[in-house]
Amino acid sequence: MADRIPLCEPYLFGNELDLIGEVLQSGYLCGDGPFTKKCHEMIKDRLQCGKALLTTSCTHALEMTAMLLDLQPGDEVILPSFTFVSTANAYTNLGANPVFVDIRPDTLNIDESAIEQAVTSKTRAIAVVHYAGVGCEMDKIMAIGKKHNLPVIEDTAHAIFGKYKGRPLGAISQLGTASFHHTKNFTSGEGGALLINDPAYEERAEIIREKGTNRSQFIRGQVDRYTWCDKGSSYLPSEILVANLIIQLENFEFIQSRRRELYDFYVAELSLWAEQHDFQMPAIPDDCESAYHLFWMLAPTVDLQRRMLAWLRGQQIEATFHYQPLHDSTMGHRWGYKKGDLPVTESVASRMVRLPFYTGLSMEQASRIVDAVKAFDDWE
Ligand SMILES: *Cc1c(COP(=O)(O)O)cnc(C)c1O
């Protein structure tokens, strides 16, 4: 029996224990030490964002955006339904109502042409997700935000270091968030970052991240004691985790070129087959540079998706589906959403086939996966 190929796994470079050992020996294990400072600069340099603050997760960075916006019960946030639960929970946790917008059938990103009709007098923000590493139509989205005086938040969990019209994703709108979870392109195990491009949010973001205190100013010697100033929580990652992340970021070129190579291989090997069998391949608009987070295809029917996934799993290949629409979930129903409300989201979610995709996936394994897809013959 062939070895099982997982959907994804983190990539290690071999020197992790050295750097983690350095942290342990330094005796400084909590957050915002020298490793975190270095990492903030690395992210800022590469993204050209205003400020980067490492957090314990992307979920927490999203929660910080909700606090920064001072969301109140009854406020509305516009977002896609085809996303990870945290994009919604961050806002609904503070009592805001999610206003779900459908996605585009080509990139599976929020449909920019459907955003404006979702704006009401209660809308406080537009949160978008750059799905699979490919940028949303940011010029149009930023124009809607500007017209209605709404900040835009880019959930860049899939897309950190991808670009839209030459501009790094996460650095285009007022606020962005990144994830360094085990499954993402760059990982510290668990981790994330808040990206701040509108300086008006900088001071409060530091306070919210430091339990609602101005401890960051105290550490910089700007105030002689620190005190309770605002809402907040504890969002600093340990230096131990940050050491791991630094190694990943130092190997940026390797990670991204490997992922690009895999993506291009799947496209080259499967495009003709997909056309012949009515599978839809992913699209990258000409003005976008993907971050190559994952590889998806859409089966022509729900039934064929199920059979293809079962077939691949039988071949020891851990292919899978992705997000279950948030609007058609137990929580989504609480706001009155129901099946049928967002047809593209529902159709895409039920037909998706994701193939294994990770930095350490060898070309040999990728060939085995492609051959297995092409060998599928359960069409009737
Ligand atoms: C992974 C992910 C998150 C959550 O990231 P964590 O770091 O695990 O909290 C949020 N949004 C999207 C789109 C994601 O893919």
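Values in this text are rule-based calculations from the coordinates and carry no lab data. Keep in mind it's a predicted model, so treat the numbers as computed, not measured. Counting neighbours? That spans all protein chains shown, and the Cβs are built from the backbone with ideal geometry, glycine included.
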Whole-Å distance, taken between Cα centres, linking the stretch 1-26 and the stretch 330-364: 29
Translational diffusion of the stretch 16-250, µm² s⁻¹ [Kirkwood Rh, Cα pairs; Stokes-Einstein; 20 °C; 1.002 mPa s]: 119
Sparse-neighbourhood loop sites, trypsin sites (Lys or Arg not before Pro) in the stretch 64-170 - DSSP loop, at most 15 other Cβ within 10 angstrom: K122, K165
Shape parameters for the stretch 64-150, alpha-carbon atoms, Rg then Dmax in Å: 12.2, 35
Residue among Q365, L175, T107 farthest towards the positive dipole end of the chain, charges placed on Cβ: L175
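Do any of K38/K231; K338/K374; K122/K338; K44/K339 go past 30 Å between their Cα atoms, and which?
As for pairs spanning more than 30 Å Cα to Cα, those are K338/K374; K44/K339.
Report, to two decimal places, the Cα Rg of the stretch 1-151 normalised by 2.2 N^0.38 Å (N = number of residues).
Values: Rg = 19.4 Å, N = 151, 2.2 N^0.38 = 14.8 Å.
After normalising by residue count via 2.2 N^0.38 Å, the value is 1.31.
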Dipole magnitude (debye, nearest 20) for the chain, charges at Cβ of Lys, Arg, Asp, Glu: 800
Selection from L309, P356, A299 lying farthest towards where the dipole of the stretch 252-375 points positive, charges on Cβ: L309
Straight-distance crosslink candidates among aspartates and glutamates, where the alpha carbon sits under 16 Å from K211 and sequence neighbours closer than 8 are dropped: D32, E63, D70, E202, E203, D230
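From the helices alone, meaning DSSP H stretches of at least four residues, give me the mean residue ellipticity at 222 nm for the chain, per-run term -39500 (n - 2.57), in deg cm²/dmol to the nearest 500.
Using -39500 (n - 2.57) per qualifying helix, the result is -11500 deg cm²/dmol.
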Length-normalised contact order for the chain - Cα pairs under 8 Å, 6+ apart - percent: 22
Formal net charge of residues neighbouring V129 (Cβ-Cβ distance under 10 Å; K, R +1; D, E -1): -2
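How long are the semi-axes of the ellipsoid equivalent to the stretch 169-257, from square roots of 5 times the Cα gyration tensor eigenvalues, in whole Å, largest first? Could the numbers behind the result be given before it?
Details: eigenvalues 153, 50, 26 Å².
Each semi-axis is √(5λ); the values are 28, 16, 11 Å.
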Taking M363, M138, M281 and counting other C-beta atoms within 10 Å, the order from fewest to most: M363, M281, M138
Rg/Rg_ref, the stretch 96-138, where Rg_ref = 2.2 N^0.38 Å and atoms are Cα: 1.17
Shape of the stretch 237-283, Cα gyration tensor, a/c cut at 1.5: prolate
Descending Cα extents along the principal axes, the stretch 252-375, whole Å: 47, 34, 25
